Amino acid sequence: MKELVQRTWIGLEIAVVEARNKSLVGLKGKVVDESKEMLTVQTATGEKKVVKEQARFQVHDQGKQFLVDGKLLVGRPEERIKKRFGR
């Protein structure tokens, strides 16, 4: 899971399972852009922006599903590589 948090999320299929903005819960799609605080997700109805810190994501990667707290994703991908996470 550490590797998943540290890498860029562009290209991953995600679903929002919890969010401060309840209208985002259930949002599914592919991440097309990532900034320090936001993920841009391509959905069937267009692009939607999700604040990382305010959501929890279900991520599909290499045939597995993970539940990731968006607070772990705050920061640019190149900065997250340097962060240390608990085992």
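Since every read-out is calculated from the coordinates, none of them should be taken as a lab result. A quick note: this is a predicted structure, and the numbers were derived from the prediction, not measured. Cβ coordinates were reconstructed from backbone atoms using ideal geometry, including for glycine residues, and neighbour counts include every protein chain displayed.
If I ask for residues that are over 17 Å from Q58 (Cβ atoms), outside any strand (DSSP E or B) and not charged (D, E, K, R), which ones from the range 24-43 would you list? Result: S35, single match. Every listed requirement among (1) in a strand (DSSP E or B); (2) among the basic types (K, R); (3) touching an Asp or Glu at 6+ places or on another chain (Cβ under 8 Å) is met by K48 save one, (3).
Of the conditions (1) outside any helix (DSSP H, G or I); (2) surrounded by 12 or more Cβ atoms within 10 Å (Cβ to Cβ); (3) without any contact (Cβ under 8 Å) to a residue 24 or more places away in the chain, I14 clears all except one; give me its number. The one condition I14 does not meet is (3). For the range 29-54, the tally of residues that are farther than 15 Å from R7 by Cα, surrounded by fewer than 15 Cβ atoms within 10 Å (Cβ to Cβ) and β-branched (V, I, T) stands at 2.
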